[in-house]
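Accompanying notes for the structure given below.
The values are calculated or read from the model by the stated rules, or taken from the named source; none is laboratory data. Computed from a prediction, not measured in an experiment: that's the story for all the values here. Quick reminder, even Gly has a Cβ in these numbers, built from the backbone with ideal geometry, and neighbours come from all protein chains shown.
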């Protein structure tokens, strides 16, 4: 697909490749152009699964939706997290399968390959999980598939665990530890009978661990999973800027006479620069890297009339 199609219905579902962005560092509207953002500004840490349009060397082209627009930018591969490329089970150091399933999109800290395996630690604020993965199964860009092993909300009853509780690979105090609770409270689903140990399943985004917990460590039952959430927003205003009435579907260009990199999603009054004699107007689009300058083009022939903005619904932009 091409960036002009980014305004189409369900377009994001049609893009099969994904990457896990771990920070908003620098970005580029064109692969070899000047960066947006600032090298002197501390990168914002995130953990966002984003659609991918392409790769080239140390850069990945992703789709960003912000400020009622959707556009393609290039980011540094180093700003993407390593993850598994296909659903896999972790193994122990000897290569034996563990009851720990991970899906693409999980954030990994991975050591160098040794004997074909890479030691990994799952990056998660609530649960500590470590193991090994075939080195060939780790990378940055994967193909999205239906299903997620972390979705186990039909398990029950739900049990509350406290900080330091350990899930083991067998109902035995000498069995290997599969996961350790890092939060003050964490909820698991019971999937087996209770005695001195209870078989449970612990789920986190893109992770499922099935193991045994000392029944004495269970704090009690609950009706819901513990969850975390966060949100942020940003905006801007420029009283001295020119205002342009930009309809939905307007093509966004990297620069005048440049390539189409995206499309507006809603009609909006946009701030920017004056309309030039050859029909170009710079407009401001908010982004994770701050306010960015993109361009719209008027294709109207009569300068006495309001601009007629180039639309990305036109077939010429979809080749």
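Determine whether residue 139 is at pLDDT 95 or above and under 30 Å from residue 44 (Cβ atoms). Judged against the criteria, residue 139 is a match. Scanning segment 265-319 for residues being more than 30 Å from residue 45 (Cα to Cα) and assigned to a loop (DSSP other than H, G, I, E, B) gives a total of 24.
Listed by position, the strands (runs of 3 or more DSSP E) inside segment 66-153 whose residues that are more than 16 Å from the chain's Cα centre (by Cα), in contact (Cβ under 8 Å) with a residue 12 or more places away in the chain and surrounded by fewer than 21 Cβ atoms within 10 Å (Cβ to Cβ) number at least 1 are 88-91, 97-102, 108-110, 117-122, 127-134.
Taking residue 221 as the residue in question, decide whether it is in contact (Cβ under 8 Å) with a residue 12 or more places away in the chain, more than 30 Å from residue 18 (Cα to Cα) and surrounded by 15 or more Cβ atoms within 10 Å (Cβ to Cβ). Criteria not met by residue 221.
Pick from 179, 165, 121: which is touching a strand residue (DSSP E or B) at 6+ places or on another chain (Cβ under 7 Å) and over 15 Å from residue 204 (Cα atoms)?
165
If you check 4, 47 for being touching a strand residue (DSSP E or B) at 6+ places or on another chain (Cβ under 9 Å) and either assigned to a strand (DSSP E or B) or at pLDDT 95 or above (or both), only one passes: 47.
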